[in-house]
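A.B. asks: The structure is given below, and queries will be raised subsequently.
The values are calculated or read from the model by the stated rules, or taken from the named source; none is laboratory data. This is a predicted model, so every value here is computed, not measured. Don't worry about glycine lacking a Cβ; one is built from the backbone with ideal geometry, like all the others, and counts go over all protein chains shown. Ligands, DNA and RNA are stripped out before the accessible areas are found, and what is left, the full protein with its side chains, is counted by its heavy atoms. Shrake-Rupley method; radii C 1.70, N 1.55, O 1.52, S 1.80 Å.
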Amino acid sequence: MKKYLTYLKIEAILALRSIDLVFFGVIMPIGIAVLIAAIGGNKMTAEGYTYLQGTFGSLITVGICATALMGIPLCLSDYRDKKILKHFFVTPVRPSMILLVQAVINALISIFSASAIYIILKLGWGYDISGSVGMLILSFMVTMFALYGLGMLIASVCRTTKSVNLACTLFYFPMLFLSGATVPFEMFPKWLQSIANVLPLTQGIKLIKGYSLSPNPKNIVMPFIILLSIALISIILSIKTFKWE
Amino acid sequence: MIMTKVNEITKKYGNKTVLDHVSFSVKKGECLGILGHNGAGKTTLIETMLGLKKADEGQVIIFDHNMAKRKQQLFEKVGVQLQHSAYQAKIKVHELCQERAVLYQTDIDEDRLLTDFGLLDKKNQMVESLSGGEKQKLSILLAIMHEPELIFLDELTTGLDVVARREIWKYLLQLKKNNKSLILTSHYMDEVETLCDRILLLKDGKELISGTVQEVIENSPYDNLEKAFLWYMGEEVLL
């Protein structure tokens, strides 16, 4: 365990030395949250809750989206491109350890980003979670597992930085804009909602938003099942299909 | 005791055959030098042995294990210095050593190794700020840090000055004394004569000759390895 933590610590230091992860994982999500709070803030919506209460669940997933679909795949494709993974191949390290370390680093960034958003919204706009904090955290974790599973799979399957960039663009931007993370899902026309519904992040946001607004939200079983299935399948596939070169 | 055995290994890139039915074995405490021109197939041979490349034909056995599939535990006993070193951006020397050390089960004293390789005063420097020779020494250090039984060194002293080369030789000779087996590629004949018990000459992926340095010289019309090497390669021996 001590050895694993040392490996994790060094990779985390390297991640923090690169400004990309800090920018996309922390600064950008906080920036979006502050912007949306400044625009909507405590205005009441037709649904009977404030604009912030309605969007909090979405805002804390922006960090997950960025770290899962940009952070993990781009870091590992860079390692592959520079032949760093080739050097790891000739050591006893397993693909699962390489993937897990990157996932944990990015998860810590996401958790930091979500916590910072909560604190800023609470201090700046008096926001409070009216639902279940415990279940909200669990929903956040399940969403993270699913999205990180996808990120790990992209990192494993794509051979080159170019293909990773393409895959990240194809997953990241639709999820960022269509899942409700930045633009409220309810504002979309029905046909767009149907398309957006297939995105894993949409399911994650449904869960998180549900538990941020109520201790017993409705229709949460299916999103849980979908997210856990995506997490399980993509994590297993990412380990099986991991490419060193 | 045989540490590794290569049986009739063949590797093709498209229609081009880069390794053509190459066979050899390396015993415990023995050093084998693989020689040949650039593009002769030396690096491909090493990378195929390690499982980095898949052989089209033949078999590689290391410690009784077929290398067709990667078995990570095997690398607890195998050390590898690849031809081109590659490290993470913005990583410091001591971080790199520490990160690699924790991948092995053996407890490794990084500071002692850095002292042995004359790199202790560079431990807080970024790896990218090291000179070519220092980077080369660092990559050899990383290959042998876990005291492996079998060590692969691909162009081990390229970029090193005379003093640094001799320091590395001294270190490797000590490893040989401790019954470690080495497989190395080199373009320096003095290095090969100093370190290797046997050599294998490759040309266009085919084995030209193998044997002790003395046997290889005696089978040529010349009395030193460099001239013999040129003769085997079909090059003109000018001087």
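A.B. asks: Rounded, prolate or oblate: which one fits the stretch A:94-138, using the alpha carbon gyration tensor with axes a ≥ b ≥ c (rounded when a/c is under 1.5, else prolate when a/b beats b/c, else oblate)?
C.D. replies: Judged from the Cα gyration tensor, the stretch A:94-138 comes out oblate (a/c at least 1.5, b/c at or above a/b).
A.B. asks: Compare each residue of the stretch B:93-110 in its chain alone against the assembly with all protein chains, and report those whose accessible area goes down by 20 Å² or more; 1.4 Å probe, heavy atoms.
C.D. replies: Buried by the other chains: B:Glu95, B:Gln98, B:Glu99, B:Arg100, B:Val102, B:Leu103, B:Tyr104.
A.B. asks: Note the buried accessible area between B and A here, summed over both chains, with a 1.4 Å probe, in Å² to the nearest 100.
C.D. replies: 2700 Å²
A.B. asks: How many partner chain Cβ atoms sit within 10 Å of a residue's Cβ in peptide B:65-73, on average, as a whole number?
C.D. replies: Counting other chains' Cβ atoms within 10 Å and averaging over B:65-73 gives 2.
A.B. asks: Taking a 21 Å limit on the Cα-Cα distance, which of the listed pairs B:Lys5/B:Lys206; B:Lys135/B:Lys176; B:Lys92/B:Lys135; A:Lys240/B:Lys71; B:Lys5/B:Lys71; A:Lys83/B:Lys176 fall beyond it?
C.D. replies: Over 21 Å Cα-Cα: B:Lys135/B:Lys176; A:Lys83/B:Lys176.
A.B. asks: Enumerate the helices in chain A for which the Kyte-Doolittle hydropathy averages 0.0 or more and the C-alpha atoms extend at least 27 Å along the helix's axis, using complete DSSP H runs.
C.D. replies: Membrane-span-like by this criterion, though nothing is claimed about a membrane: A:95-125, A:133-157, A:221-240.
A.B. asks: State in Å² the accessible area per residue of chain B; use a 1.4 Å probe, count heavy atoms of protein chains only, and round to the nearest integer.
C.D. replies: Ligands and nucleic acids excluded, the result is 45 Å² per residue.
A.B. asks: Now for a separate question. Relative contact order (percent) for chain B, with alpha-carbon contacts under 8 angstrom and 6 or more residues of separation?
C.D. replies: For chain B, the relative contact order is 26 percent.
A.B. asks: Hey, got the average number of other protein chain Cβ atoms within 10 angstrom for residues in B:43-50?
C.D. replies: 1
A.B. asks: Can you give the angle from 0 to 90° between the axis of helix B:132-144 and the longest principal axis of chain B, with both taken from C-alpha atoms, to the nearest 10?
C.D. replies: Computed tilt is about 90 degrees.
A.B. asks: How many angstrom lie between the C-alpha centres of the stretch B:97-149 and the stretch A:176-199?
C.D. replies: If you average the Cα positions of each part, the centres end up 51 Å apart.
A.B. asks: Also, I was wondering about something else. Select from A:Ile120, A:Ile154, A:Ile60 the residue whose mean-square fluctuation is largest in a Gaussian network model of chain A (Cα-Cα springs shorter than 10 Å).
C.D. replies: Most flexible of the set in this elastic network: A:Ile120.
A.B. asks: Then there is this: Give me, ordered by chain and number, the residues 5 or more places off B:Ala40 or on other chains with an amide H under 5 Å from its own placed amide H.
C.D. replies: So B:Ala40 has HN proximity to no qualifying residue.
A.B. asks: While we're here: Using helices alone, I'd like the mean residue ellipticity at 222 nm for chain B: each DSSP H run of four-plus residues gives -39500 (n - 2.57), total over residue count, nearest 500.
C.D. replies: -9000 deg cm²/dmol
A.B. asks: Just want to confirm a number: the relative contact order over the stretch A:2-240, from Cα pairs under 8 angstrom separated by 6+ residues, in percent.
C.D. replies: 28 percent
A.B. asks: Let me ask something else about it. Per-residue mean of other chain beta-carbon atoms within 10 angstrom of the beta-carbon, peptide A:90-99?
C.D. replies: Partner-chain Cβ atoms within 10 Å, mean over residues of A:90-99: 6.
A.B. asks: Run the numbers for B:Ile209 and B:Ile2: contour at 0.36 nm per residue of separation, minus the present Cα-Cα distance, in nm.
C.D. replies: So the extension gain works out to 72.5 nm.
A.B. asks: Turning to a different aspect of this structure: Classify the stretch A:2-240 from the C-alpha gyration tensor, please: rounded if a/c falls under 1.5, else prolate or oblate depending on whether a/b exceeds b/c.
C.D. replies: Note, shape of the stretch A:2-240 comes out prolate.
A.B. asks: Solvent-accessible area per residue for the stretch A:159-215 at a 1.4 Å probe radius, Å²?
C.D. replies: Value for the stretch A:159-215: 48 Å² per residue.
A.B. asks: Which peptide among A:227-236, A:45-54, A:174-183 comes first, and what is the full order, when sorted by highest mean count of other Cβ atoms within 10 Å?
C.D. replies: Sorting A:227-236, A:45-54, A:174-183 by mean packing, highest first, produces A:174-183, A:227-236, A:45-54.
A.B. asks: From the helices alone, meaning DSSP H stretches of at least four residues, give me the mean residue ellipticity at 222 nm for chain A, per-run term -39500 (n - 2.57), in deg cm²/dmol to the nearest 500.
C.D. replies: Mean residue ellipticity, 222 nm, calculated: -23000 deg cm²/dmol.
A.B. asks: Specify, per residue and in Å³, the volume enclosed by the convex hull of the alpha carbon atoms belonging to the protein assembly as shown.
C.D. replies: It is 166 Å³ per residue.
A.B. asks: Taking all protein chains in place and a 1.4 Å probe, what share, in percent, of the accessible surface of the protein assembly as shown do carbon and sulfur account for?
C.D. replies: 60 percent
A.B. asks: Please work out the FRET efficiency for the pair B:Glu235 and B:Thr115, using the Cβ-Cβ distance as r and a Förster radius of 30 Å; give the result to the nearest 0.05.
C.D. replies: Working from the Cβ atoms, E equals 0.10.
A.B. asks: Once the other residues with Cβ under 15 Å from the Cβ of A:Arg17 are scored (Lys, Arg +1; Asp, Glu -1), what is the net sum?
C.D. replies: Result for the local shell: -3.
A.B. asks: Taking chain B as a Gaussian network, Cα atoms linked when under 10 Å apart, which of B:Met145, B:Met126, B:Met49 shows the biggest mean-square fluctuation?
C.D. replies: Ranking B:Met145, B:Met126, B:Met49 by mean-square fluctuation puts B:Met126 first.
A.B. asks: Going highest first, how would you order B:56-62, A:62-68 by mean Cβ packing within 10 Å?
C.D. replies: Ranked from most to least packed, the peptides come out as A:62-68, B:56-62.
A.B. asks: Once all Cα-Cα distances of the stretch B:113-239 are split into 5 Å bins that start at 0, what whole-number percent is in each one?
C.D. replies: Bins of 5 Å from zero give 2, 9, 19, 20, 17, 14, 9, 6, 4, 1, 0 percent of pairs.
A.B. asks: Kindly tabulate the residues in the stretch A:1-37 with an accessible-area decrease of at least 30 Å² between the chain alone and the assembly of all protein chains, using a probe of 1.4 Å.
C.D. replies: The answer is A:Lys3, A:Thr6, A:Tyr7, A:Ile10, A:Leu14, A:Arg17.
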